[in-house]
Amino acid sequence: MLSTFLARNIITDVKKFIHEDIIIVSIDGIIIASSDESRVGTFHEGALLCAKERRTMIIYKEDEKRLKGVKNGLNLPIFFDKRVIGVIGITGDPKAILPYGELLRKMTELLVQESYYSEERQWRMRGLESFVYDWLKADELSSPLRERAAIFGVDLMRDKQFILIKSSFTYSSVTELTRLWDDGRGLDFFIHRGHDRILLVHTVHDDAAVLRFKLEKLLGFTGGRIGVGQIVTPETAAIGFTQAERALLTAKPGCIVYEQDLRLSLCLHDIRPETKAEFIKRILQKADGHDELIHTVRTFFDQNMSLKQTAETLNIHINTLHYRLKKWQDLTNQNVRKTEDAVSTYLALQFLDERTK
């Protein structure tokens, strides 16, 4: 509960507010951290008595002669869950330090609690990540897997939706997203799934509109992209996760893609990577390095092949757009104004995006 590492951190934090020497002592009377390094590892009889009697002890000058390892000052027991877990001592005139002694003890207890609950959250997060990994790999919901689910409060009796969020995340992002999501039922949870992806395991809500509204809020907060799998049973979790990955792969920045809405992408997903690579080579090889032209053609497709909208989006004259599309045709032998060539170019760019992602 009160490790040497934590005790040293507490000393560092507390020394920002007071100038007196401070010690933190274990319940067996050994100093485990001190602003005076020479006292670390020595025995402090006053702190031992303080811990045993569970009360604040004032150490006077005359006590230095009869109690081993003590100095004039104040010893206060540190409590956690009604148990004494250590003692914090302040060296100095008791009359001068007594007024803020209790405040110092409370501050120390808060730091201990913060450390404890932070470690507890990290343990739960690592446990959840491990459980979900095994869940997605499992052929069936075995008894051990159900027992682990119960430990983490995961309901394996109700349908799920797997939702992947891609953005820039830190270790605390899961906590932030959990607060933002605000699931009053306590059934949904987030875990890291790689350095730039977070997985939301959603227990299906009766009102689908609620999910859409909350996902929009989530998207606005993360500024990334979101892929949503279809509703699946806990037994078919792997299918739901794969669907979320497929949806995320097609999602553009600032967009939410539902796997159930996929059409062309659903077919393209099953094409072998080798075939896609060869297709990219045949269509786009000569365009390699012509970033402006590639961007122009991408925008052309994004604007539903409207010349006017494309020119406005690129902030160029329409004659300039005609020139670029002609240059693209000369370079790749693909006339994007023709259906077959447009489809080929569009697919090649889609495959290129997949490979880049």
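The values are calculated or read from the model by the stated rules, or taken from the named source; none is laboratory data. Here the structure is a predicted model, which means the values were calculated and not measured. Neighbour counts are summed over all protein chains in view; Cβ atoms, including those assigned to glycine, are modelled from backbone coordinates with ideal geometry. These area figures cover heavy atoms from the full protein model, side chains too; ligands, DNA and RNA do not enter into them. Shrake-Rupley method; radii C 1.70, N 1.55, O 1.52, S 1.80 Å.
Tabulated data
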read-out	value
Test set (1) in contact (Cβ under 8 Å) with a residue 24 or more places away in the chain; (2) over 22 Å from A277 (Cβ atoms); (3) open to solvent by 80 Å² or more (accessible area, probe 1.4 Å) - Y346 fails condition number	(2)
Yes/no for A96 being open to solvent by less than 50 Å² (accessible area, probe 1.4 Å) and part of a helix (DSSP H, G or I)	no
Residue among K286, K327, K252, K276 that is surrounded by 12 or more Cβ atoms within 10 Å (Cβ to Cβ), charged (D, E, K, R) and within 34 Å of the chain's Cα centre (by Cα)	K276
Qualifying residue in the stretch 257-272 (condition: among the aliphatic types (A, V, I, L, M), open to solvent by less than 30 Å² (accessible area, probe 1.4 Å) and modelled with pLDDT of 90 or more)	yes
Residues within the stretch 61-76 that are farther than 20 Å from V40 by Cβ and surrounded by 12 or more Cβ atoms within 10 Å (Cβ to Cβ), tallied	1
Helices (runs of 4 or more DSSP H) contained in the stretch 273-322 and holding at least 2 residues of a type in the set (K, R)	273-284
Number of positions in the stretch 34-47 that are without any contact (Cβ under 8 Å) to a residue 12 or more places away in the chain and in a loop (DSSP other than H, G, I, E, B)	2
Which numbered condition D28 misses (of (1) surrounded by 14 or more Cβ atoms within 10 Å (Cβ to Cβ); (2) at pLDDT 90 or above; (3) outside any strand (DSSP E or B))	(1)
Single unsatisfied condition, I10 versus (1) crowded, with 18+ Cβ neighbours inside 10 Å; (2) at pLDDT 90 or above	(2)
Test: residue in the stretch 146-159 that is part of a helix (DSSP H, G or I), in contact (Cβ under 8 Å) with a residue 40 or more places away in the chain, in contact with a helix residue (DSSP H, G or I) (Cβ under 9 Å, 6 or more places away or on another chain) and not polar (S, T, N, Q)	no
All positions within the stretch 116-174 that are closer than 30 Å to F80 by Cα and polar (S, T, N, Q)	S118, Q122, S130, T170, S172, S173
So M125, is it touching a residue at least 12 places away in the same chain (Cβ under 8 Å), of a type in the set (A, V, I, L, M, F, W, C) and surrounded by 14 or more Cβ atoms within 10 Å (Cβ to Cβ)	yes
Single condition L141 does not satisfy, out of (1) open to solvent by 70 Å² or more (accessible area, probe 1.4 Å); (2) within 16 Å of A237 (Cβ to Cβ); (3) not in a helix (DSSP H, G or I)	(1)
Unmet requirement for E120, which otherwise passes all of (1) within 13 Å of the chain's Cα centre (by Cα); (2) part of a helix (DSSP H, G or I); (3) at pLDDT below 90	(1)
Residue selected from the stretch 31-58 under the condition in contact with a Leu (Cβ under 7 Å, 6 or more places away or on another chain) and among the aliphatic types (A, V, I, L, M), by the criterion least open to solvent (accessible area, probe 1.4 Å)	M57
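Yes or no, residue by residue, for (1) in a strand (DSSP E or B); (2) touching a Cys at 6+ places or on another chain (Cβ under 7 Å); (3) not small (G, A, S):
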position: L49; (1), (2), (3): no, no, yes
position: K61; (1), (2), (3): no, no, yes
position: E64; (1), (2), (3): no, no, yes
position: V70; (1), (2), (3): no, no, yes
position: N75; (1), (2), (3): yes, yes, yes
position: V87; (1), (2), (3): yes, yes, yes
position: I90; (1), (2), (3): yes, no, yes
position: Y100; (1), (2), (3): no, no, yes
